[in-house]
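Single-structure report; data block below.
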Amino acid sequence: MHMMMSGGGCVACHGADRGGGRLMPRFWQSAPPLTAAALFGEHDEAAGTEGATESHGDHDDYTDDTLRRAITDGIDPGGERLDPVMPRWSMTDADMTDLIAYLKTPVDSAK
């Protein structure tokens, strides 16, 4: 797996602006955005908002619980497995709560 070989975190694939779209070496697929609109809003309409370059597809919006499951177990809100390239993360409950709160904040597109 690329992440195991070269290291990195969420930013390595999803970008510092959480806009996704980064095509990683040896992978044909680009990472989806992690913006609040893409995760918790209308993902089909999230492209072009908050720096998003593409949407998450046509599954239900994430909730705190389904996002936690996606991060730890690799399962999307509709019960489908995420791409195996997406690492599964283990963290404390407090860290997970902080991460989810961060992902709910709008992206400041000002550079």
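Count the net charge of all other residues whose Cβ sits under 13 Å from the Cβ of residue 81, scoring Lys and Arg as +1 and Asp and Glu as -1.
That works out to -2.
For every other residue with a beta carbon closer than 12 angstrom to the beta carbon of residue 72, add +1 if it is Lys or Arg and -1 if Asp or Glu, then tell me the sum.
That works out to -1.
Values quoted throughout were computed directly from the atomic coordinates according to the rules given, and no laboratory measurement underlies them. Quick caveat, the model's predicted, so the values are computed rather than measured. Cβ: placed from backbone, ideal geometry, glycine included. Neighbour counts: every protein chain shown.
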